[in-house]
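The values are calculated or read from the model by the stated rules, or taken from the named source; none is laboratory data. Keep in mind that what you see is a predicted model, and the values were worked out from it rather than measured. Note: ideal-geometry Cβ built from the backbone for every residue, glycine included; neighbour counts use all protein chains shown. For accessibility, only protein heavy atoms count, side chains too; no ligands or nucleic acids. Shrake-Rupley method; radii C 1.70, N 1.55, O 1.52, S 1.80 Å.
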Amino acid sequence: MSSNMEKTIANDKPMTDKYNVEAAEALANEAQHLPIAEAIPIYEQLFTLFPTAAKYWKQYVEVHMAVNNDDAVKQIFSRCLLSCLHIPLWRCYIRFIRNANDKKGVEGQEETRKAFDFMLNYVGVDITSGPVWMEYISFLKSLPALNAQEESQRMTAVRKIYQKAIVTPTHHIEQLWKDYENFENSVSRQLAKGLISEYQPKYNSARAVYRERKKYVDEIDWNLLAVPPTGSHKEEMQWVAWKRLLAFEKGNPQRIDTASSNKRIIFTYEQCLMYLYHYPDIWYDYATWHAKSGSIDAAIKVFQRSLKALPDSEMLRYAYAELEESRGAIQAAKKIYEGLLGDGVNATALSHIQFIRFLRRTEGVEAARKYFLDARKSPNCSYHVYVAYAMMAFCLDKDPKMAHNVFEAGLKRFMHEPVYILEYADFLTRLNDDQNIRALFERALSSLPPEESVEVWKKFVQFEQTYGDLASMLKVEQRRKEALSGAGEDGTSALDSSLQDVVSRYSFMDLWPCSSKDLDHLARQQWHAKNINKKVERSAMPNGTSLLDKASMGVTSNSAMSMKVVYPDTSKMVIYDPRQNPGAGTNAFDEILKATPPALVAFLANLPAVEGPTPNVDVVLSICLQSDLPTGKSGKTPTQLPAGPTPATSELSGSSKTHPISSGSSLKPTGKRQYGKRKELDRKEDDDSTTVQSQPAPRDAFRIRQFQKARASSTSQTGSVSYGSAFSGDLSGSTG
C-alpha cells in the first residue's frame, strides 16, 4: 500500500512531486475507509511528507481510539501534540484522557485536571480555545464536594479558571464573561460586585484585542498543508498574513506582562510553522526572536528543529553556527561547519571558504593555512577558494608574498578562467606591480580563445587607459580590435579608430566627455556600422537609448564582468511596429463585419470613399446633437439652403475660417448689399458666441446630454436658433 501511495503522489501531479496535496488528500480520505492494518502505512507515509498536518494526526489517532488501542494512541499523541497546536486535535486528546480516567475516581479526576491544565498551558491562548475553557469549567463544577472546605476549594478553582478565560481574546469571550458574572452572583452578590468591577477593564481590553486579532486570523487558511514554497500568489498571501499576525502579537496590544506576551508570541510562531514548515525565513525569525529576548537555549533548540525540517538549508546552518560562535561555543560551531563539509568529497567551494574564515577567526593563521592546503586537493575546489584565501592572507595576515604565491599556484589550474585572471590582476594592481600585470595579461590572452577573452581584453585596455602612456594605450586598443574582430557581437568588424574609442579613453567612472545624447548617437552609429553589410528593414533600426550599450562601445567599467553573462544579439533586435504585419488591424474589423446585420453592411458599402482629412467622429456627433433639426411639425419653414454644387469635404473640415451661409438665391457677392449681409451675419455669430454651442464639443455621452439640456433651456429663452453657431462649434471643435 505504501508503494501504491508513493506512485500516486509521484504520478498524479508533477509538483515537487512528492508534495502533491491533491494526492495526499485523496489518500487520507481513502485511509478512513480501510481496515486499520492497511491504513497505518498510508498515514505513516503521509507524516513523512506532512509532519505538521494536524487533521491527518487526528484521523490517525481516532482510528486507534475506535479500536481501543490505548498504547498506540498515547504514542501517537506523544509524537504530534507539541508540534501541532491545533484545537480539534487537543480536544481529541482531552476526550481520550477523560474516557481513560472516568472510572478511576478521585485519582482519575486529578489526572484529568492535570491534562486540562497541560492543554490550556499550550493552546489556551488560541482564538478558538473558548470551548476548551468552558469544558474545563464544567468539569470543575461537576466535581463532587463532600464538605464545605471542598466546596470552597472547588469554587476557588472555578473562579481562577474563569478569571484566566475572560482575559484571553477568544471567540467566546463575551459568553465567558456572562457566565462569570452569573457565577459570581450565584456565590455572593456582595463579593461579586467588587470582583466584577476589578476584572471589567481587563475583560474590555481582551475583547478589544480579540476584535483586532480576528481581522488577522481571518486572513489565514487553516486547511493548508505545509509544502515547500512554489511562489504562487496564494502562498505569498498566506506568508504575508502570518507575518502580520506575528507583528501584531509582538506589539503586545493587550499590554500584558512580558512573560504572558512572550507565551502568545511563541504560540503564534509554533502555529505558523505548522503551515510554513518549509520556509527558512520563519525558522530564522523564530530563533533570532528568542535570542534577542535573551533565551539563547530556546533559539538553539529552534535552529536544531529547523535543520531537521530543512536539512539541506545552508543558510540555516550558517546562522546556527553564527549563534554558537557569538556566545563562545566554538566547538559547537565547528561541529556545524564540519557537518556542512561532510566527508569533503561533496563539499561545496563556499563551505570550504567559510570554514577557512571560521578557522582564521577562532584558531588562527596556521589552522586556516593547513585546511586550505587540504581543501585545494578536493575535487570541488574551485578558483573561488584560491581567491578567498589569497585575499585573506593579503588583507588580514598582511602577507602579500603568501597571497602572490597562492595566486600563482592557482594560475596553473585556472588559467582558462577569465574571472580568476581579473581577480589576480586586481590584486597586482593593489601592489602597483605594473610589470607583472602586463605579463599576466599577455600570458592569459595567449591561452584564452577569443570568445572567452572579451572581459580580459576590456580589463587590459582599462589598465592601459588608466596607468599606461598614450603609445601603449593605442597599441592595446588596436590589438584588442584585431583579436576580437571575428569574436561575434562583443568584437567589432571595423579595425579603424572611431570616436567611440575616444569616449572610452577619456571617461572616468560616471563622468563622460560628451552628453547622453551624444552617447546615444554614437551607439546608433555603432549599430549601423555592424550591420552596414546586412539587409536591414527600416523598422529594425535602433530607436532611442534602448540600444545604448557602453560595453559594446568599448567603454569599460571598474568592476569586471563574468564571462558567463549572456549578452543579447542586438543585430536581431527590432522596434515593435504593428505595420510590419500586413494582416494586423484587419482581422478584427472583418470579424465585426461578419456580426453586422446585412442591411447595415449594405449601407456601409454605399458610403462614399473619403479622400483627404478624416473628420473627428466625436465632434461631428456632438454638432449633430447640438443642432435643432427641422421636424416638420412646426409652422415655420426652415431657411432653405441655395441650390448649387456641394462644397468639397476639405472645404468644411480642412478650413479654419467660418463660411457664412447665404439666404439669397445666389452665392455670388453683389456690391454693398451683400457686404452688409456679411457684416450682419458676423455680428449675429458674435452674439451667439456666448451660447452653449460655442463651447468645446463634448467627448462623452454624459457631457453631450448636459449640452442638450443647456441648449434646450437657452432655446426656450431666446426663441430662435442660429445654424451658423453650430458650424462655429464644429470649427472650434475641429481646430481645438
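Scanning segment 134-169 for residues that are acidic (Asp, Glu) and either touching an Asp or Glu at 6+ places or on another chain (Cβ under 9 Å) or within 16 Å of residue 180 (Cα to Cα) (or both) yields one hit, 135.
Residues of segment 280-300 that are in contact with a helix residue (DSSP H, G or I) (Cβ under 7 Å, 6 or more places away or on another chain) and assigned to a loop (DSSP other than H, G, I, E, B): 293 alone. The single residue among 482, 442, 464 that is at pLDDT below 90 and charged (D, E, K, R) turns out to be 482. All conditions but one from (1) part of a helix (DSSP H, G or I); (2) over 30 Å from residue 172 (Cα atoms) apply to residue 68; the one that does not is (1).
If a residue must be under 50 Å from the mean Cα position of the chain (by Cα) and outside any loop (DSSP other than H, G, I, E, B), how many such residues does segment 120-157 contain?
At the first step, the residues of segment 120-157 found to be under 50 Å from the mean Cα position of the chain (by Cα) are 120-139.
Those still in the list that are outside any loop (DSSP other than H, G, I, E, B) too: 120-123, 130-139.
Number satisfying all stated conditions: 14.
Residues in segment 158-172 that are assigned to a helix (DSSP H, G or I), aliphatic (A, V, I, L, M) and within 17 Å of residue 256 (Cα to Cα): 165 alone.
Checked against the criterion of being farther than 29 Å from residue 465 by Cβ and in a helix (DSSP H, G or I), the candidates 409, 403 yield just one match: 409. If the condition is being in contact (Cβ under 8 Å) with a residue 12 or more places away in the chain and small (Gly, Ala, Ser), then segment 130-189 contributes 130, 157, 165. Of the candidates 426, 399, the single residue that is under 39 Å from the mean Cα position of the chain (by Cα) and more than 25 Å from residue 347 (Cβ to Cβ) is 426.
Among the residues of segment 308-350, those that are touching a helix residue (DSSP H, G or I) at 6+ places or on another chain (Cβ under 7 Å) and in a loop (DSSP other than H, G, I, E, B) comprise 310, 313, 327, 347.
Could we say that residue 222 is outside any helix (DSSP H, G or I) and within 21 Å of residue 55 (Cα to Cα) here?
Numbers: outside any helix (DSSP H, G or I): yes; within 21 Å of residue 55 (Cα to Cα): yes.
Yes.
Which members of segment 370-383 meet the condition of being buried (at least 19 other Cβ atoms within 10 Å of the Cβ) and in a helix (DSSP H, G or I)? Answer for segment 370-383, where residues must be buried (at least 19 other Cβ atoms within 10 Å of the Cβ) and in a helix (DSSP H, G or I): 371, 372, 375, 383. On the stretch given as segment 495-541, residues that are more than 19 Å from residue 455 (Cα to Cα), hydrophobic (A, V, I, L, M, F, W, C), at pLDDT below 85 and not in a helix (DSSP H, G or I) total 3.
Evaluated against (1) in contact with an Asp or Glu (Cβ under 7 Å, 6 or more places away or on another chain); (2) open to solvent by 30 Å² or more (accessible area, probe 1.4 Å); (3) among the aliphatic types (A, V, I, L, M), residue 192 falls short on exactly one condition, (2).
Please go through (1) open to solvent by 20 Å² or more (accessible area, probe 1.4 Å); (2) assigned to a helix (DSSP H, G or I); (3) over 26 Å from residue 508 (Cα atoms) for residue 466 and return the number of the only condition it doesn't satisfy. So the condition that residue 466 fails would be (3).
Which residue out of 353, 421 is over 30 Å from residue 468 (Cβ atoms) and part of a helix (DSSP H, G or I)? Can you show your working first?
Values: 421 fails: over 30 Å from residue 468 (Cβ atoms).
Every option except 353 fails the conditions.
Take the conditions open to solvent by 20 Å² or more (accessible area, probe 1.4 Å), in a loop (DSSP other than H, G, I, E, B) and on the phi > 0 side of the Ramachandran plot and apply them to residue 398. Does it pass? For residue 398, the condition - open to solvent by 20 Å² or more (accessible area, probe 1.4 Å), in a loop (DSSP other than H, G, I, E, B) and on the phi > 0 side of the Ramachandran plot - is met. Being open to solvent by 10 Å² or more (accessible area, probe 1.4 Å), closer than 29 Å to residue 210 by Cα, in contact with a helix residue (DSSP H, G or I) (Cβ under 7 Å, 6 or more places away or on another chain) and not acidic (Asp, Glu) holds for only one residue in 125, 67, and it is 125. Go through (1) farther than 26 Å from residue 258 by Cβ; (2) more than 27 Å from the chain's Cα centre (by Cα); (3) open to solvent by 50 Å² or more (accessible area, probe 1.4 Å) and name the single condition residue 314 misses. Failing condition for residue 314: (2). Restricting attention to segment 282-306, which residues are hydroxyl-bearing (Ser, Thr, Tyr) and surrounded by fewer than 17 Cβ atoms within 10 Å (Cβ to Cβ)? Within segment 282-306, 288, 293, 295 meet the criteria.
The single residue among 255, 264 that is of a type in the set (D, E, K, R) and touching an Asp or Glu at 6+ places or on another chain (Cβ under 7 Å) turns out to be 264.
Pull up segment 497-515, narrow it to residues that are open to solvent by 100 Å² or more (accessible area, probe 1.4 Å) and without any contact (Cβ under 8 Å) to a residue 24 or more places away in the chain, then point me to the one that is nearest to residue 528 (Cα to Cα). So that I can check it myself, show each step before the final result.
Here is the first cut: in segment 497-515, the ones open to solvent by 100 Å² or more (accessible area, probe 1.4 Å) are 499, 506, 508-511.
In the following step, the residues that additionally are without any contact (Cβ under 8 Å) to a residue 24 or more places away in the chain were identified as 499, 506, 508, 510-511.
On the way: 499: 14, 506: 23, 508: 26, 510: 26, 511: 26 Å.
Checking each candidate, the answer is 499.
Here segment 247-281 is the region considered, the condition is being open to solvent by less than 20 Å² (accessible area, probe 1.4 Å) and hydrophobic (A, V, I, L, M, F, W, C), and the residue that is nearest to the chain's Cα centre (by Cα) is 276. Restricting attention to segment 14-50, the residues that are under 21 Å from residue 72 (Cα atoms), assigned to a loop (DSSP other than H, G, I, E, B) and open to solvent by 10 Å² or more (accessible area, probe 1.4 Å) add up to 4. Collect the residues in segment 354-369 that are within 40 Å of the chain's Cα centre (by Cα) and open to solvent by less than 20 Å² (accessible area, probe 1.4 Å), keeping them in residue-number order. Hits for segment 354-369 are 355, 356, 358, 359.
It is to be established whether one or more residues within segment 236-243 are open to solvent by less than 70 Å² (accessible area, probe 1.4 Å), closer than 22 Å to residue 51 by Cα, at pLDDT 95 or above and aromatic (Phe, Trp, Tyr). Yes: one or more hits.
For segment 260-276, the criterion of being touching a Phe, Trp or Tyr at 6+ places or on another chain (Cβ under 8 Å), charged (D, E, K, R) and part of a helix (DSSP H, G or I) is met by none of the residues. Give me the residue from segment 614-630 that is of a type in the set (Val, Ile, Thr) and open to solvent by 60 Å² or more (accessible area, probe 1.4 Å) and, out of that set, modelled with the lowest pLDDT. Once the filter is applied, the top-ranked residue is 614.
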